[in-house]
Every structure is written in C-alpha cells, then in structure tokens.
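Structure record follows, encoded as structure tokens.
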Amino acid sequence: AQEQPPCTCTVGTMDLAYVCEWEKWPKSTHCPSVPLACAWSCRNLIAFTTDLRSDDQDLTRTIHILDTEHPWDVHSVSSQHHEAITCLEWDQSGSRLLSADADGQIKCWSMADHLANSWESCLGSMVEGDPIVALSWLHNGVKLALHVEKSGASSFGEKFSRVKFSPSLTLFGGKPMEGWIAVTVSGLVTVSLLKPSGQVLTSTESLCLLRAVPEPRADIAFTGGGNIVVATADGSSASPVQFYKVCVSVVSEKCRIDTEILPSLFMRCTTDLSRKDKFPAITHLKFLARDMSEQVLLCASSPTSSLVECWSLRKEGLPVNNIFQQISPAVGDKQPMILKWRILSATNDLDRVSAVALPKLPISLTNTDLKVASDTQFYPGLGLALAFHDGSVHIVHRLSLQTMVVFYSSATPRSVDEPAIKRPRTTGPAVHFKAMQLSWTSLALVGIDNHGKLSMLRISPSMGHALEVSLALRHLLFLLEYCMVTGYDWWDILLHVQPGMVQSLVEKLHEEYTRQSAALQQVLSTRILAMKASLCRLSPCTVTRVCDYHTKLFLMAVSSTLKSLLCPHFLNTPDKSPGDRLTEICAKITDVDIDKVMINLKTEEFVLDMNTLQALQQLLQWVGDFVLYLLASLPNQGSSLRPGHSFLRDGTSLGMLRELMVVIRIWGLLKPSCLPVYTATSDTQDSMSLLFRLLTKLWICCRDEGPSSEPDEALVDECCLLPSQLLVPSLDWLAVSDGLVSRLQPKQPLRLCFGRAPTLPGSATTLQLALRAQGQPKMDHLRRPVLAPRCGCVTMLRSPNKTTAVKQWEQRWIKNCLCGGLWRRTPPSCP
C-alpha cells in the first residue's frame, strides 16, 4: 500500500479560489445591474444578474446560472423583466428560482429536462407598477438542527435532529403547499400559491404605508407555528423598524391573508446623542435566518461609514404595581408577559458596508452562543459576512458581531492560460462586492463586484484559528455527514480537503456510515459512494478508487432495475419478492455450477417479453464484460492502481454479480440473442458457465459469512488462462472530470472567463486509467449502446428505445447522474 502524504493543517483564513469575468464584446457588454441580485442554492448553483448593454444603450435584464465546479459554463437567460431585477430566491430543493423586478413582476424559473444549463419560466405573478423589495418561498415545514456538541455521537439522529416546524400552508393530509410571498415598496404583501393542478392563486394585502420613501427595506422570516413575519423600514434610521405577522390560508378556493402588527424597534445609534445624525439611512435589514424570526440584523450608513446592530425578540415579564399585587395575589404569581426587542450587540464605526451575506447552516443554538469569536469551538455557521467599500470582507460572529476572519482583495489571481508572473499594482477606485452569498455549509462565499466580476472565496471552518489535524478532519467529516443526510451538494467542503486528508476522511466516513441502522444505510448507500468518489479525486494515492466507486453505483442500479422486472407468478404475492428470493437462494447455494443454482429458482417468475429482453442486452453485456474483466485481473490483484481492484475483496458486490449471472442465464434460455457476446477461442466453450464457476470461487473467499481467505493458487492459475480462452474487453471507465476542485488544491487563485472553457493546469490526480483510446467513439455511460456532469459521465438526452424496461432504467437518471450531480447539455462537437 502506498503511503499518504503527511497531513498538515495551517492557520484557517479566507482566501480567493478563483475569479470569473466577462469578455469584452465589440457591440455589447455585460455591466453590473443596479441593484445587483445573487443567490446560492443547496445544489451549489449560483444565480446572479447583469444588464447587457448594446451600442444604442438598450438594456437587457439577464439572469446567469452557473455550477460552481464549471463557472465558465454559464447559462444566461433573457429574463423578460422590463425593469431592474431586485430579488433572486432559490427553493429548498435548489431546482427552481424566483426572480422579481422593480415593476412588481415575479417569475418562477425551472430546469428544462432537468438540465443545469437549460431554464424556462412558465409561472409567475404580478403587482403592477409596485417594485418588489423582499421575496421568499413559503416554508415547507422541514427544518433540521445541527448539534455541534454531539458531533462525536455515533448516530446521525443525535447529530442532526428534525425540529418541529409547521409549513406556512398545508394541503389536505398535511402536505405543504408550495408558493411564494413578496413585499412591495408601497407596503403590500402578496402571496401566490401553486395548486397541484398547476393553477396559481394570488392575493394581496396592505401591511403599512411605505410609498414615497427613497430606499425602503424589508425582509421575510418564518415561525415554527406556520406564521410569517415581515420586517419593514422606510430607509431612515430615525424611523422605526416595523414587524408584522402574516397568516396565509385558503378559503373557498381563494387565498386569504391576515396581518397583525408586532412590536417595533428604533436603532440604538439614533438614541445616542453623539451619533444621532451620523448614520441617517438604514441600508440593510435582514433576519439572521429564514426560520429565525426572533433575531434581526440592521445596518445604518452614511456616505463613508456604517454601523451594524443585532437585535433579539424576547418574552419579558410586565412589572405589576404593588397595589394590584395586594388586591389580587394571583396576579403576582402569574406575571403578564410581553414581547420586546433587545439589542444583543453593536459594532463600532466601520467603513461603509456594501453587501451582507447570512449563514444558512441551521446550527442548534445553546447558551454558549455569545462566546467571543476567539472561542476555538467549531461554529462555521455562526459567522456572517460583511463586504466594505474598501474591498475587504469580514466574517463576524452573527450574535456578538466580533470579527473572526478578514479578507483583503489585494492579491491578483493568475490566469489559467498564462504563466504565473508578477503583475504591477494598479491604482483606482476600490473594487468591492455589491452582492454576496454564503454556501449552505458556510465554507465558501461568492461575491459579485462593481465591475461584474465573480469571485469565489474559501472560508476556513476554523474561523481564523489554528486547528489540530484530527479536529480539522472532524469538522469536515461532520459537514460531510450533514450533506449526506440532507442530500445537499458538498462541493464547498471539497475546497478544504487536502490530498493528505482524503484517506482518513474516506475511512472515517465509512466507519460512521456502518454505525447507522440497516434501513438508514440502505437509504444512504448511493450517496456515500458518490461522496467517496468525489473525495478520492483529490489525491493521487486514491484516484483509481473513483472508477471503482462509480462502477459500484452503476452495478447497484443495474441489479435493482433487473430485479424489479421480476414478478411473482401468482397474484397472492408472498412476503418476499422474487428479487429477495433470488438473493437468498444465491447466498445459500454455493455450488459453482450455474445450472444447479438455476434449478432452485421459480423460473416462471423470470419470464419477460422478448422485446424487453432484447432492449436490455446492452446492460446484460456490461455485466458479462465486467465479470470477465474482474476475473482476468485477479492475478494482478496486488496492484491497487488497477481499476476494479476493490471489487476482488468485496463479497457483497461479487454476490450481486453472481445473482445477475444467474438471471442472465435464465433469460438467455428465453431469448438467446440477449446473452452477452464473448469472443472465444473454442466454439464449444460455455463461457457463462466458466465465468460463473470462477466468480463463485472468488466470492466464497470473501463473502460476509465467515472469515475471508486468499484465493487459492488453482483459482489464480485458471484466471491467468482466461485471456487465452476469451477476449478480455477494454472497459470504458469514466473520464477524468474537467472540473476545478482538484485543480484548486495548491490554493492559488485562477482567473477564468465566462463562456470560454479554460485550459486547466494539470492535476496531481491525473493518472493513466483504462480510458477510451484516442479516436474511439464516445461510450454512453448509462445505456452502454450528450450530457456531462461533474464526474465525466456522458449519455444521450433522449433514448431512441421506447420499451418500458428502458424507460424505467432512464427514470433513474432523469434528474441526477451516477455521482448525484446535475446534468449539463454539451455541444454536439464536444469530444
């Protein structure tokens, strides 16, 4: 076994990963929109806005959507918004996007054919002529709390618990109703509900009078009881910040909105005589989280400076006069309670704040929340980001507002197409972020500056403090587990994984996975394989395992699909399905003769339509080729650099292949043309029987029951003779990904260009795997007879085969690839 590089951990900071900017076109150019909107989804898709300005000064409001792994492959949508886009908001699944503009128009965008670079809008609502200042999807009632203090617990249920949280509105049976809520400049709240039939119910109600104010501010949050809280300000720090409770219901097939005023507050800086007129405008008003309506962040600014305050809504006892206590002693025992806003913290005078980004990680808050930022306890989700006009970005504790990490944008990124050379410093106005968003694990931050350039920053989980290697691994492992449980994309975590950490992370992740219940393991079985594959891409010592993990994902999908085609012969279905009985019988009977195993099965359960069997031939051929490849590679099992090495000691996977060989044998009796085709040196040789016999012997050596043993010399000798008996196929392993994350390990920022694929520098993980030879036709990785996500898997958008079995197979991949990533459409000329 090869030794891993020494694992070191440096002092945690915030550094630049890459920047991406627009090319200058001769007749049109992208310029930052005002205001500039940006949103980051849980699937690591980023949406932001620009204005496309032509020579005749016409503006096209454009929404851009990109995958953080391929930022140059941006999909630009002409939004059809006639006024400036003011808000962008992703839904909880990361597959739909809301956009709203200064004319009151709201559009709902969704993926066309589930492609990350193909979007369309078919739903929307309108509050004509009334600019939208706040926008949000209705809450679906799903809230998961992270218990950082229990990160060492064995059960995922202890680390991540479901919080009792009611949806904003429910359908019959308690299913959450989808829709969105928006707040306008004139103080209207508008709610649109999406009925299952596709109809949109929209209603509008007045909250307050904000009309005729220059820059109103508003935000939206949700309560655990299913209500909505709206915060509004007229833009003046001398005016109160007002809060309203909004209840949504459906009455007689119409949307109804009820509002109620809540306690308001005045910013503390307005009550300080020395600063009363120093910060005249409220420039930012944000709840600390969408599901945390009790805490709000306020920023008041002057043309040159800003001040930030954090407030909390608390229940307090109302003092009762002694006279009333004497008259009615019961009043003193049960003190009346009122809601009151209390300031938690405030900053000193700062440079002018240009953008604010809030964390999305739902950490379970405890009494230690107000510990200062120097506390080395792991709290990556307790930091919020402030961008300033001097170009710096500060990560501050979201309650104490104490600075934890600072980033200065003085370093110039190197171009990926040019050698890294020293560039002269330039003078001019400071470049600063106009819009920012934190990732869903708070380990990365994206910012769009006043020149329209996108910057991706890494934020260390240590929040600026040195960490021991074991503690750094535990932090990353905890967040990987969180992504595994929630289904969120984990790309931003990979930014912090050094090559020397990969082996330990994969082992610890597997160890934590095996501690879970059998039912939970089955649910997470594919997700953990995809996670291991993405980790192994980051180290040259583990990169060959990527092929094995992806192949195992494919094998599990093939096995599940083929078994699901089996049906019981009688209507009174027994407790076990035909697939379960197949697994039980194959595990019980260890005979090396495939025909003796076959006669123990009810062959009538395997009868399928002839057209269906023929349509499955390519999947059956892959199973046969893979078995032959594995057995032929057994003599070289000492080489861990050879793809397929891990399967030789994986009793579960070998047992799965053995079951499929039995199924293929039975189907071959019904339709011989569906059998795998082998090129043999002898016409009389039964290739299926030979491979099953060798596969069974290898499976017996490493199956789960009993201690594992090494293959005997006779088996190895027989496998050595296989290449002289059968032509061993050259399997088309998945190609090396063209993404960025493995190229960012040296922590040197890259300069990219939108719309132009870069010539990426060589990665340490690039090895000579058994890949397709130059000039060979491209293999469809899913149908085995063009789209490409992060793992390099390629397939056709639509299959010409229309049989039911093929449609069932394709339904598995309609939304996601093998690795769980999103599909992207590639040009026809893509190699």
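The values are calculated or read from the model by the stated rules, or taken from the named source; none is laboratory data. For clarity, every value in this text was computed on a predicted model and none was experimentally measured. So basically every Cβ, Gly included, is an ideal-geometry build from the backbone, and we count neighbours across all protein chains shown. Each accessible area value is taken on the protein alone, full model and side chains, heavy atoms only, with ligands, DNA and RNA left out. Shrake-Rupley method; radii C 1.70, N 1.55, O 1.52, S 1.80 Å.
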### Task
For the stretch 95-184, calculate the relative contact order in percent as a whole number, restricting contacts to Cα pairs under 8 Å that are 6 or more residues apart.
26 percent
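Calculate the dipole size of the stretch 143-186 relative to its Cα centre from +1 charges on Lys and Arg beta carbons and -1 charges on Asp and Glu beta carbons; express the result in debye to the nearest 20.
Working: 6 positive and 3 negative charges, 21 e Å.
Here the size comes out at about 100 debye.
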### Task
Round to the nearest 10 and report in Å² the accessible area of TYR678, as given by a 1.4 Å probe over the protein chains' heavy atoms.
40 Å²
### Task
Would you mind checking which residues have amide H under 5 Å from VAL127's amide H? H placed 1.01 Å from N; only 5 or more apart, or other chain.
GLN105, ILE106
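Using DSSP to call loops (not H, G, I, E or B), can you name the trypsin sites (Lys or Arg not before Pro) in the stretch 575-680 whose Cβ has at most 16 other Cβ atoms within 10 angstrom? Working shown, then result.
Working: sites: LYS576, ARG581, LYS588, LYS596, LYS602, ARG649, ARG658, ARG665; in loops: LYS576, LYS602.
Listed in order of number, the matching sites are LYS576, LYS602.
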#### Entry: Inter-label distance, nm, simple model (7 Å from Cα along the C-beta direction), HIS510/ASP595
3.9 nm
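Heavy atoms only, probe 1.4 Å: what % of the accessible area of the stretch 654-708 goes to carbon and sulfur, would you let me know? Mind dumping the intermediate values first?
Values: 1210 of 2310 Å².
That fraction is 53 percent.
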### Query
Which whole number of Å³ per residue matches the convex hull of the alpha-carbon atoms in the stretch 35-165?
153 Å³
### Message
Using only the alpha carbons of the stretch 588-660, what is the convex hull's orientation-averaged projected area in square nanometres?
### Response
6.1 nm²
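Around SER293, with a cut-off of 11 angstrom between Cβ atoms, what is the net charge of the other residues, counting Lys and Arg +1 and Asp and Glu -1? Present the calculation step by step, with values, prior to reporting the outcome.
Numbers: positive: LYS245, ARG290; negative: ASP219, ASP291, GLU294.
Result for the neighbourhood of SER293: -1.
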### Query
Which percent of the accessible heavy-atom area of the stretch 122-201 goes to carbon and sulfur, probe 1.4 angstrom?
55 percent
### Message
On the Cα set of the stretch 158-304, report Rg and Dmax in Å, please.
### Response
17.6, 59
### Query
Tell me, what ³J(HN,Hα) does each residue in the stretch 814-819 have, in order and in whole Hz, if you take phi through Karplus 6.51 cos²θ - 1.76 cosθ + 1.60 with θ = phi - 60° and put x for Gly and Pro?
5, 9, 9, 7, 3, 7
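Counting residues in the stretch 244-300 as N, plug N into 2.2 N^0.38 Å and put the Cα Rg over that result. Write down the numbers at each step before the final one.
On the way: Rg = 16.7 Å, N = 57, 2.2 N^0.38 = 10.2 Å.
So the Cα radius of gyration is 1.63 times the expected 2.2 N^0.38 Å.
Starting from 0.36 nm per residue, how many nanometres of slack lie between SER93 and ALA519 once their C-alpha separation is accounted for? Intermediate results must be reported in sequence, preceding the final value.
Values: separation 426, 0.36 × 426 = 153.36 nm, distance 2.34 nm.
Separation in residues times 0.36 nm, less the Cα-Cα distance, equals 151.0 nm.
Just check the stretch 471-619 against the gyration tensor rule for me: Cα atoms, a ≥ b ≥ c as the square roots of the eigenvalues, rounded for a/c under 1.5, and otherwise prolate or oblate depending on whether a/b exceeds b/c.
On the way: a/c = 2.55, a/b = 2.29, b/c = 1.12.
Because a/c hits 1.5 or more and a/b exceeds b/c, the stretch 471-619 counts as prolate.
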## Note on the structure
Cα-based Rg then Dmax for the stretch 460-514, in Å, read 11.0, 33
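Classify the stretch 92-243: rounded, prolate or oblate, from the alpha-carbon gyration tensor (a ≥ b ≥ c, eigenvalue square roots; a/c under 1.5 rounded; otherwise prolate if a/b is larger than b/c)? Could the numbers behind the result be given before it?
Working: a/c = 1.95, a/b = 1.32, b/c = 1.48.
Oblate, because a/c is 1.5 or more while a/b does not exceed b/c.
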### Task
Enumerate the aspartates and glutamates that LYS24 could reach by cross-link, defined here as Cα to Cα under 18 Å, with residues fewer than 8 away along the same chain left out.
ASP51, ASP55, ASP56, ASP58, ASP73, ASP417, ASP449
### Task
Multiply the residue gap between VAL431 and LEU171 by 0.36 nm, knock off their C-alpha separation, and tell me the result in nm, one decimal place.
88.8 nm
### Task
Please state, to two decimals, what the Cα-based radius of gyration of the stretch 159-235 comes to when divided by 2.2 N^0.38 Å (N = residues).
1.33
### Message
Given a 1.4 Å probe and heavy atoms of the protein chains only, how would you sort GLU584, GLU605, GLU810, GLU710, largest accessible area at the top?
### Response
GLU710, GLU584, GLU810, GLU605
### Query
Tell me, what is the 1.4 Å probe accessible area of SER161, in Å² to the nearest 10?
30 Å²
## Note on the structure
Amide H neighbours of SER237 at under 5 Å, excluding residues fewer than 5 places away on the same chain, with H built from the backbone geometry, are ALA281, ILE282
### Task
Please list the non-local residues whose amide H lies under 5 Å from the amide H of ASP101, H modeled 1.01 Å from N, same-chain partners needing a gap of 5 or more.
THR86, ILE132
## Note on the structure
Phi angles of the stretch 313-319, converted by Karplus (6.51 cos²θ - 1.76 cosθ + 1.60, θ = phi - 60°) into ³J(HN,Hα) in whole Hz with x for Gly and Pro, give 8, 10, 8, 10, x, 8, x
